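The values are calculated or read from the model by the stated rules, or taken from the named source; none is laboratory data. Fair warning: this is a prediction, and the values are worked out from it, not measured in the lab. Here the Cβ positions follow ideal geometry from the backbone for every residue, glycine too, while neighbour counts run over all protein chains shown.
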Amino acid sequence: MLTVVGAEPKVRAGAFARAGMVAAAVVLADRVTKGLVSSGIAPGQHRSFLPGVQLVHVRNTGVAFSLFSGGGLPVLILTLAALGVLVGYLARRPERRGLWVPTGLLVGGAVGNLIDRIGSGAVTDFIKLPLWPAFNVADMSITFGVLALLWVFEGRRGDGR
């Protein structure tokens, strides 16, 4: 059994439960929205949604903004390694105020896109803003997760620890 010094099992379990609920909510929202787009918009088709916002159906074989398109196994390994580090950090520091939020957002976003990547070799993107590549709910979760992680780490600097 793995024992981490300084963290009570109850605190760790609570942090993981909260992060898991956030991750599950993100994956659910991501799967539902991608399913609606896949069944309602043909690949390459555009539909107006709100002023300045288009709904599209784009297949992305890379990561964010189509970087590393066709990256395959290296992208998968890098993603899983980064998630492992983050989850490991939560296991070591479950008492860290708010750390469960970015952990849940990042894990949920990564899992949502990994489901697509493993299942079909590409991620479905569908929200298109002017002068910006198409993205999806998982991408938004990852972006907000990184921002929340920076906020959690910056909060530590401000409290003298």
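Being in contact (Cβ under 8 Å) with a residue 12 or more places away in the chain, in contact with a Ser or Thr (Cβ under 6 Å, 6 or more places away or on another chain) and not β-branched (Val, Ile, Thr) holds for only one residue in 112, 108, 155, and it is 108. For the stretch 13-40, taking the residues that are over 17 Å from the mean Cα position of the chain (by Cα) and buried (at least 18 other Cβ atoms within 10 Å of the Cβ), the one that is farthest from residue 92 (Cα to Cα) is identified as 37. Among the residues of the stretch 62-79, the ones that are out of contact with any helix residue (DSSP H, G or I) (no Cβ under 8 Å at 6 or more places or on another chain), surrounded by 12 or more Cβ atoms within 10 Å (Cβ to Cβ) and at pLDDT 75 or above come to 1 in all. Summed over the stretch 115-142, the residues that are touching a residue at least 40 places away in the same chain (Cβ under 8 Å), within 27 Å of residue 50 (Cβ to Cβ), in a loop (DSSP other than H, G, I, E, B) and over 16 Å from the mean Cα position of the chain (by Cα) give a count of 3. Applying the set (1) in a helix (DSSP H, G or I); (2) at pLDDT below 95; (3) under 20 Å from residue 128 (Cβ atoms) to residue 35 leaves exactly one unmet item: (2).
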